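Below is one structure; the comments refer to it alone.
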Amino acid sequence: MSKVQVKMTVNGAEVEELVEPRTLLIHFLREQLNLTGPHIGCETSHCGACSIDIDGASVKSCTMFTVQANGAEITTIEGMTDADGSLGVIQESFMEAHGLQCGFCTPGMITRTHRLLQENPNPSEAEIRNGIAGNLCRCTGYQNIVKAIQLAASRLNGQREAAE
Ligand code: FES
Ligand code: FES
């Protein structure tokens, strides 16, 4: 099959690659760019393990062809760290509030949390639960994930206030 050139920004870096038109974005990220943080759970847009951020929206990357992301700005879990490579606020909060067990859902959960808190910096518990409704976790029962998101929200809001 003939390949198509795509160009996009991934975690702040310009990327230019040749892909088959049928290549799903999750496969491109994991197999061609070696970004194995986004996971493959269902490949049918149910579990959210493959969630990433594209042009300011949460997207399940198993639902898109790579060619559809041509020109896009993409952030994966690998781009959620601080500039020095240390864990970002949301990652720290998940760790401290025990918002994970096996960790399979965690990259998708954290990238989804990133966008959720951009859209709503002070979500209620119900808004958090609704906001992560597209991300399934088989281990935690969600209690500590909600606590982790609440912790991240209060820390990010504190940082914002301190910067004002
Ligand atoms: S792998 Fe994409 S939603 Fe499950
Ligand atoms: S921590 Fe295991 S699936 Fe969520």
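Within the group A97, A72, A83, which residue is away from ligand 2 (no atom under 16 Å from the Cβ) and farther than 25 Å from V19 by Cα?
After ruling out the rest, the residue left standing is A83.
Which condition does K7 not pass, out of (1) within 15 Å of the chain's Cα centre (by Cα); (2) open to solvent by 20 Å² or more (accessible area, probe 1.4 Å), if it passes all the others?
(1) is the only condition that K7 fails.
Conditions (1) acidic (D, E); (2) at pLDDT 95 or above; (3) more than 16 Å from ligand 1 (Cβ to nearest atom); (4) closer than 30 Å to S154 by Cα, marked per residue:
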| residue | (1), (2), (3), (4) |
| --- | --- |
| E20 | yes, yes, yes, no |
| F28 | no, yes, no, no |
| T76 | no, yes, no, yes |
| E92 | yes, yes, yes, yes |
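Considering (1) within 16 Å of ligand 2 (Cβ to nearest atom); (2) not in a loop (DSSP other than H, G, I, E, B), say which one Q5 fails and leave the rest.
(1)
Take the residues in region 31-45 that are of a type in the set (A, V, I, L, M, F, W, C) and within 12 Å of S61 (Cα to Cα); name whichever of them is farthest from the chain's Cα centre (by Cα).
Going through the qualifying residues, I end up with C42.
The values are calculated or read from the model by the stated rules, or taken from the named source; none is laboratory data. What you see is a predicted model, and the numbers here were worked out from it, not measured in a lab. Backbone-built Cβ (ideal geometry, glycine too); neighbour counts: all protein chains shown. For the accessible areas, the whole protein counts, side chains as well, though only heavy atoms, and no ligand, DNA or RNA atoms are used. Shrake-Rupley method; radii C 1.70, N 1.55, O 1.52, S 1.80 Å.
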